[in-house]
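Heads up: the structure comes next, in structure tokens.
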Amino acid sequence: MPELPEVETIKTDLEKIILGKKIKVAEIKAAKIIKEPSAEEFAGKIKEEIIKKIIRRGKYLIFEFLSGKYLVIHLKMTGQLIYGDKNKQSKISFLLGNGQYLNFCDWRLFGEIRLIDDLEKFKGISKLGIEPLDIKFTIRMFYEMIKKKRSKIKSLLMDQSFIAGIGNIYAQESLFKAKIHPAKIALNLSKNESDKLFFSIKEVLTEAIKYRGSSINTYLDLEGRKGSMGERLRIYGRKGKPCFRCKSIVVGMKIAGRGTAFCPNCQK
DNA sequence: CGGGGCTCCTGTGCGC
DNA sequence: TGCGCACAGGAGCCCC
């Protein structure tokens, strides 16, 4: 799914077109995506809400309404938000005050939408760890955090309660950039490795935002366009191909149930 | 605490 | 050609 850079791209695009607009109606074709309240209640409650602010927290996209309520969206693996005409594949369509639609599309139906009164009462958000691009996330803090952990470093990077927003693509990219083996136990990283990984995370995420995210399979931005970060990925999906750095054959393994590619020569 | 497996879904691609 | 399995950007849950 969209990870932090993809959600951030949608967020900044949304800010340009949707602030101050009203949601007239929500048309619900796949009720299972609405997690709370019930789909019927959701449709009734969201009418006439006016969008005051757009927030990203981890991989969550949040609409803050003038009323003080929040629309919380998680795109999971294949969710998309497409703005414009009504979209045939749309699972939830929001008709806006200007006659345009915000379409939530999601062929795997893993996506989640909630309308809630209090953000912090929602566990999915309250348990999230630090934002990796926040200035409060420091090199010193990162080392303090990882030196207590016995888990594999890649599992840790993808743990949303540890750091919010990194998923399977950018965890692999950050580790490749820092030349660290994805299965290395976190507390065994040296201070130097920890520092390299810290900068790699920031650089990889920043680059991915600059190039508007990776469109490996399904991710599209608000206008239905692909991001160009996919062409810039250095390790994700390259199992069996030569490493860009040393030409060794990239290998794959499963970590936390997820496919993981790494260079056995560069990443120690 | 950590990790493995399964689950929610649909679609694609590969090996036999 | 056809079938069945593995796998896909997420993450919660159970169990060990």
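The values are calculated or read from the model by the stated rules, or taken from the named source; none is laboratory data. Every value quoted in this text rests on a predicted model; they were computed, and no experiment measured them. Glycine gets a Cβ as well: all are built from the backbone with ideal geometry, and neighbour counts include every protein chain shown.
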Exercise for the section: Please find, among A:75, A:71, A:128, the residue that is among the hydrophobic types (A, V, I, L, M, F, W, C) and over 24 Å from residue A:214 (Cα atoms). Expected result: A:71
Problem - Qualifying position, being closer than 30 Å to residue A:254 by Cβ, within 16 Å of DNA strand B (Cβ to nearest atom) and surrounded by fewer than 17 Cβ atoms within 10 Å (Cβ to Cβ), among A:148, A:88 - result: A:148
Handout entry: Verdict on residue A:94 being more than 16 Å from DNA strand B (Cβ to nearest atom) and in a helix (DSSP H, G or I)
Key = no
Handout entry: Test: residue in the range A:59-74 that is assigned to a loop (DSSP other than H, G, I, E, B), under 27 Å from residue A:134 (Cβ atoms) and within 16 Å of DNA strand C (Cβ to nearest atom)
Key = yes
Handout entry: Subset of the range A:64-81 that is more than 12 Å from DNA strand B (Cβ to nearest atom) and within 16 Å of the chain's Cα centre (by Cα) - its residue that is surrounded by the fewest Cβ atoms within 10 Å (Cβ to Cβ)
Key = A:72
Handout entry: Unique match (being at pLDDT 95 or above, near DNA strand C (Cβ under 10 Å from one of its atoms), surrounded by 15 or more Cβ atoms within 10 Å (Cβ to Cβ) and of a type in the set (Ser, Thr, Tyr)) among A:170, A:101
Key = A:170
Fill in the blank from the handout: Of the residues in the range A:228-252, those that are surrounded by 15 or more Cβ atoms within 10 Å (Cβ to Cβ) and either away from DNA strand B (no atom under 16 Å from the Cβ) or of a type outside the set (D, E, K, R) (or both) come to A:229, A:230, A:233, A:234, A:235, A:236, A:237, A:243, A:245, A:250, A:251
Practice task
Report yes if some residue within the range A:32-50 is modelled with pLDDT under 95 and more than 16 Å from DNA strand B (Cβ to nearest atom); otherwise report no.
Solution key: no
Practice task
Inspect all residues belonging to the range A:137-150 and state whether any of them is among the aromatic types (Phe, Trp, Tyr) and within 13 Å of DNA strand C (Cβ to nearest atom).
Solution key: no
Handout entry: Filter result (part of a loop (DSSP other than H, G, I, E, B) and surrounded by fewer than 21 Cβ atoms within 10 Å (Cβ to Cβ)) within the range A:182-220
Key = A:183, A:184, A:190, A:211, A:215, A:216, A:217, A:218, A:220
